[in-house]
Amino acid sequence: MRRVLILVVIAAAGLLVASCSGSSSTAATTSTAVTQPPQSGTVAISAVDNNFRPQDVTVTKGSTIVWTNDGRAEHNIVAFGPTPFHVDTKSFPPGGTYTWEATELGTFRYFCSIHGTATAGMYGSVTVVAP
């Protein structure tokens, strides 16, 4: 009986060493993010509940972005960093729209100061690329 117990302990120790060794067969994790091609023309962003949908968009220069307040609450669009657009709550009530033509290249971050901050809650970005 003692011999069986020793063999079990040795086998368990061998498995533990093999699972901790650098020669593990675990594959490296890779990113599976899907990159969407840039959109052109008129691109819609919906402000609903506590989100902008889609949250982040990439458009070509010359495109028109139209934000629509599809929610029941007031929203606004506040620049985070150098952003060439801004709209206050009086101009963006439920059912309201705000339009901006993408004439500058770059990534422009924004948020709704009522329902979020620049990094949490209701925020988004528009990236403008060359056509």
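Throughout, read-outs are computed from the coordinates displayed, never taken from laboratory work. What you see is a predicted model; the values in this text were computed from it and never measured. A quick note on method: Cβ atoms are made from the backbone with ideal geometry, for glycine too, and the neighbour counts reach across all protein chains shown.
For region 42-129, the direction-averaged projected area of the alpha-carbon convex hull comes to 4.6 nm².
Electrostatic bookkeeping for Gly124 treats Lys and Arg as +1 and Asp and Glu as -1; over the other residues with beta carbon under 13 Å from its beta carbon, the sum is +1. Placing pseudo-labels 7 Å out from each Cα toward the beta carbon at Ala118 and Ala73 gives an inter-label distance of 2.2 nm. The label point for Gln55 and the one for His86, both projected 7 Å from the Cα toward the Cβ, are 2.5 nm apart. Do any trypsin sites (Lys or Arg not before Pro) in region 70-131 lie in a DSSP loop with no more than 14 other beta carbon atoms within 10 Å, and if so, which? For trypsin sites (Lys or Arg not before Pro) across region 70-131 that sit outside H, G, I, E and B with at most 14 neighbouring Cβ atoms in 10 Å, the list reads Arg72. Here the Karplus curve 6.51 cos²θ - 1.76 cosθ + 1.60, taken at θ = phi - 60°, turns the phi angles of region 55-70 into couplings of 6, 10, 10, 10, 10, 8, 4, x, 6, 10, 9, 10, 8, 10, 7, 8 Hz, with x standing for Gly and Pro. With contacts taken as Cα pairs under 8 Å at a separation of at least 6 residues, region 42-129 carries a relative contact order of 34 percent. Note on Thr127 and Thr97: the model spin-label points, each 7 Å out from Cα along the C-beta direction, lie 2.7 nm apart. Quick check: Cα centre of region 107-131 to Cα centre of region 54-90, how many Å? Result: 8 Å between the Cα centres.
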